[in-house]
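Pasting a structure below so you can have a look.
What follows draws every value from the coordinates through simple rules; no lab data is involved. Predicted model only: the values in this text are computed from it and were never measured. Ideal geometry is used to build each Cβ from the backbone, glycine not excepted, and the neighbour counts take in all protein chains shown.
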Amino acid sequence: MTYFLVPIVEGQTEERCIEKLLQRIWSQLLNAPSRLQVLRPSRAKRDALLNPDHSCLADKIEEARVKLVDRLRRDSSAHGLLLLLLDSEKNCPAQIAPRLLERSRAIVSDIAITCVLAKRMLENWIVAGASSLSGVNDLPALLPPRDQFEDRSGANWLDTQLRGKNSSRKYKTADAEAFVAAMDLLECRANAPSFDKLCRELERWIGKDRDATA
């Protein structure tokens, strides 16, 4: 059985990292026996997706729906999910996500949809699991203690660590790929509630489909 997932994301970091991150969660945290196939993300500006007067969300959901339906038609035993994954920035994820999910489900009702907002930014998840990143991709061999994992700018923390070793070295979107591939997922889940939310949503998706086919 195959699980097809289409992400809707807001930035280059999410676009480049989402497949690796989801595949690692799927195999290393959830120990899912079935295959996960992450389809090419649909990307749009965050403000447009959140704006209820803008057609962007409906357009991207329909774009993602077409991708999913095409795959599901070829495999009647497969399951599909549309994942909205955005940064919350200065907003509270618990306030934004339910409204965004409600709007999304009003747009399309024939596919499963879930919504997760990384508190502040996806880089905060990297910092939350950074104990395994010492020496990785130009980071120092000794990283400083970390706290307030979702209350600071993860991108700034990573930039500071890289510059501490090489003053001309800046944090770039491409760096996130290496960090996502090496970060400690169990530690991240324990330190970052918004990352735990993503894991729980994937667990719920698997559980619902197992119940439906039981």
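With respect to Ala48, is the statement that it is of a type in the set (Gly, Ala, Ser), touching a residue at least 24 places away in the same chain (Cβ under 8 Å) and surrounded by 13 or more Cβ atoms within 10 Å (Cβ to Cβ) true?
Working: of a type in the set (Gly, Ala, Ser): yes; touching a residue at least 24 places away in the same chain (Cβ under 8 Å): no; surrounded by 13 or more Cβ atoms within 10 Å (Cβ to Cβ): yes.
The answer is no for Ala48.
Right, here's the next one. Filter the range 136-181 down to the residues that are in a helix (DSSP H, G or I) and at positive phi and list them by number.
Of all residues in the range 136-181, those in a helix (DSSP H, G or I) come to 136-138, 154-165, 173-181.
Passing the criteria: Asn137, Asp138.
Working only within the range 59-82, note down all residues that are surrounded by 15 or more Cβ atoms within 10 Å (Cβ to Cβ) and either among the basic types (Lys, Arg) or in contact with a helix residue (DSSP H, G or I) (Cβ under 8 Å, 6 or more places away or on another chain) (or both).
Once the filter is applied, which keeps residues that are surrounded by 15 or more Cβ atoms within 10 Å (Cβ to Cβ) and either among the basic types (Lys, Arg) or in contact with a helix residue (DSSP H, G or I) (Cβ under 8 Å, 6 or more places away or on another chain) (or both), the range 59-82 yields Lys60, Ile61, Arg65, Lys67, Arg71, Ala78, His79, Gly80, Leu81, Leu82.
Continuing with the same structure: From the set of residues in the range 2-19 that are among the hydrophobic types (A, V, I, L, M, F, W, C) and farther than 17 Å from Glu123 by Cα, which is farthest from the chain's Cα centre (by Cα)? Write out each step before concluding.
So in the range 2-19, the residues among the hydrophobic types (A, V, I, L, M, F, W, C) come out as 4-6, 8-9, 17-18.
Applying the additional criterion that residues be farther than 17 Å from Glu123 by Cα yields 4-6, 8.
On the way: Phe4: 15, Leu5: 12, Val6: 11, Ile8: 9 Å.
The qualifying residue farthest from the chain's Cα centre (by Cα) is Phe4.
Of the residues Leu101, Leu72, Leu86, which is under 19 Å from Arg40 (Cβ atoms), in contact with a Leu (Cβ under 9 Å, 6 or more places away or on another chain) and aliphatic (A, V, I, L, M)? Even if it seems obvious, please write down each step before you answer.
Numbers: Leu101 fails: under 19 Å from Arg40 (Cβ atoms); Leu72 fails: in contact with a Leu (Cβ under 9 Å, 6 or more places away or on another chain).
Step by step, each of Leu101, Leu72, Leu86 is checked, and only Leu86 is under 19 Å from Arg40 (Cβ atoms), in contact with a Leu (Cβ under 9 Å, 6 or more places away or on another chain) and aliphatic (A, V, I, L, M).
Output the residues belonging to the range 132-146 that are closer than 15 Å to Ala181 by Cβ and touching a residue at least 24 places away in the same chain (Cβ under 8 Å).
Ser132, Leu133, Val136, Asn137, Asp138, Leu139
Can you report the number of residues in the range 147-176 which are surrounded by fewer than 17 Cβ atoms within 10 Å (Cβ to Cβ) and in contact (Cβ under 8 Å) with a residue 40 or more places away in the chain?
Within the range 147-176, the subset surrounded by fewer than 17 Cβ atoms within 10 Å (Cβ to Cβ) is 147-148, 151-153, 156, 160, 163-170, 172-174.
Next, only the ones that are in contact (Cβ under 8 Å) with a residue 40 or more places away in the chain stay: 173-174.
Going through the range 147-176 one residue at a time, the tally reaches 2.
Right, another one. Which condition number does Ser109 fail, the rest of (1) touching a Cys at 6+ places or on another chain (Cβ under 6 Å); (2) closer than 23 Å to Arg71 by Cα being met?
It fails just one condition, (1).
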